[in-house]
Amino acid sequence: MKENDINKSVADSLEMDTGMLPFVPELLKGMWALGSSPERVVELLRPLGLDPAGTKLLDLGCGKGAVSVTVAHALGFRAVGIDACEVFLEEARQKAAEWGVTQKCSFELEDLREYVKEASDFDVVVFASLGGLLGDYHKLVGALRRTVRPGGYILIDDGFLQREKPVKRAGYGHYTPHAQTLKQLFAHGDTLVKETLTIEESKNINQEYLAIIKQNAKVLLENRPELEDRVAEYIRGQETECEILDAHITGAIWLLRRSPAKP
Ligand SMILES: C[S@@+](CC[C@H](N)C(=O)[O-])C[C@H]1O[C@@H](n2cnc3c(N)ncnc32)[C@H](O)[C@@H]1O
């Protein structure tokens with residue numbers, strides 16, 4: 001992994017400057033899921049009736065492992081979590097131990113952009129709260145569907161533009177209005193199992209995170225007052241992010257089934 005490039009990718013995904021990365025453990029303390037709704041993922045996967053012992057889930061950009069651990073615990077699947085941030089992976093392993101699913105989960109330090117080129121034969125792939133990391137929805141599904149077997153499942157937790165007008169902000173380039181989003185999602189011949197809109201839930205999650213981050217920032221500044229300006233800038237960025245998401249993006253989770261035919 002090229003360190004600068006991977007640090008930028010991690011920082012972008014957390015909407016922060018790379019200079020703030022050393023303070024991530026303090027700033028995101030007390031948060032497990034970092035944007036996703038693990039219970040929603042379980043709710044969507046449970047009705048598929050997949051064999052618990054034989055099902056293998058790939059959790060890309062797994063962060064602290066909230067989706068992997070919750071699914072392994074609730075549904076008995078094996079889970080492989082991939083992330084480029086070692087401190088998150090350590091926490092993910094701890095959580096797996098706490099929840100008694102260490103044997104079912106493995107967490108690996110990898111650049112997911114490279115990992116998806118080699119991965120195959122998973123039964124389910126989850127791409128949650130990672131924005132445009134793998135490009136627009138057409139490119140994203142193209143990359144994800146190769147990681148699962150024909151007939152396997154692709155779960156994307158993100159959203160779409162509420163109106164036609166694009167949002168001119170870094171990290172929003174992949175968003176399109178609903179109809180266009182669906183067109184891109186199905187361009188490879190896969191089918192929709194379920195679409196769940198997460199409007200209120202996304203709003204609440206964002207507000208809840210903001211409150212925790214602000215509290216964590218206070219504690220951090222007690223020990224490191226010299227960080228005041230940088231922390232204030234980060235918090236402002238988070239506030240703006242929440243406002244823009246609320247005003248322009250409808251949160252959605254899509255569960256797709258990869259076409260059973262081999263390409
Ligand atoms: C917003 S968090 C979402 C984490 C997790 N999916 C969840 O919802 O709890 C984004 C995650 O992507 C990871 N990430 C960003 N770029 C990455 C890359 N190129 N390869 C692997 N992980 C990456 C970050 O380290 C972070 O854990």
I'd like the full set of residues that are modelled with pLDDT of 95 or more and either surrounded by fewer than 21 Cβ atoms within 10 Å (Cβ to Cβ) or on the phi > 0 side of the Ramachandran plot (or both), limited to segment 45-54.
R46, P47, L48, G49, L50, D51, P52, G54
Any idea which residue in segment 110-139 is nearest to I6 (Cα to Cα), counting only those that are within 14 Å of the chain's Cα centre (by Cα) and aliphatic (A, V, I, L, M)?
L112
Can you find a residue in segment 146-162 that is free of Cβ contacts under 8 Å to residues at least 60 places away in the same chain and more than 25 Å from F77 (Cβ to Cβ)?
no
If we scan segment 42-53, do we find a residue that is within 14 Å of the ligand (Cβ to nearest atom) and in contact (Cβ under 8 Å) with a residue 40 or more places away in the chain?
no
Under 8 Å between Cβ atoms, at least 6 apart or on separate chains: pull out the pairs that start in segment 95-119 with a residue that is under 17 Å from A33 (Cβ atoms) and end on any residue that is aromatic (F, W, Y) and buried (at least 18 other Cβ atoms within 10 Å of the Cβ).
A96/F107
Check off (1) part of a loop (DSSP other than H, G, I, E, B); (2) touching a residue at least 24 places away in the same chain (Cβ under 8 Å); (3) more than 12 Å from the ligand (Cβ to nearest atom) for E26 and give me the number that stays unchecked.
(1)
Looking at A170, A128, which one is closer than 17 Å to I82 by Cβ, within 16 Å of the ligand (Cβ to nearest atom) and aliphatic (A, V, I, L, M)?
A128
For segment 24-38, what are the residues that are farther than 17 Å from A11 by Cβ and surrounded by 15 or more Cβ atoms within 10 Å (Cβ to Cβ)?
W32, A33, S36, S37, P38
V71 passes all but one of (1) within 9 Å of the ligand (Cβ to nearest atom); (2) among the β-branched types (V, I, T); (3) within 14 Å of K104 (Cα to Cα); which number fails?
(1)
If only one of A66, A84 is within 19 Å of L28 (Cα to Cα), surrounded by fewer than 24 Cβ atoms within 10 Å (Cβ to Cβ), under 14 Å from the mean Cα position of the chain (by Cα) and among the aliphatic types (A, V, I, L, M), which one is it?
A84
Of the residues T191, T181, T176, T196, only one is touching a helix residue (DSSP H, G or I) at 6+ places or on another chain (Cβ under 6 Å) and not basic (K, R); which?
T181
Residues that are surrounded by 13 or more Cβ atoms within 10 Å (Cβ to Cβ), under 19 Å from A143 (Cα atoms) and at pLDDT 95 or above: does segment 239-253 have at least one?
yes
Restricting attention to segment 131-146, the residues that are within 16 Å of the ligand (Cβ to nearest atom) and surrounded by fewer than 23 Cβ atoms within 10 Å (Cβ to Cβ) number exactly 7
What do you reckon, is E15 out of contact with any strand residue (DSSP E or B) (no Cβ under 8 Å at 6 or more places or on another chain), on the phi > 0 side of the Ramachandran plot and either near the ligand (Cβ under 9 Å from one of its atoms) or assigned to a helix (DSSP H, G or I) (or both)?
yes
Which of the residues that make up segment 100-118 are within 15 Å of the ligand (Cβ to nearest atom) and of a type in the set (D, E, K, R)?
E108, E110, D111, R113, E114, K117, E118
Given (1) touching a Lys or Arg at 6+ places or on another chain (Cβ under 8 Å); (2) of a type in the set (A, V, I, L, M, F, W, C); (3) more than 13 Å from the ligand (Cβ to nearest atom), A97 misses just (1)
The residue that is nearest to L140 (Cα to Cα), considering only those in segment 72-94 that are in contact (Cβ under 8 Å) with a residue 40 or more places away in the chain and among the β-branched types (V, I, T), is V80
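The values are calculated or read from the model by the stated rules, or taken from the named source; none is laboratory data. Computed from a predicted model, the values in this text were never measured in an experiment. Cβ sites come from the backbone with ideal geometry, for glycine too, and all protein chains shown count toward neighbours.
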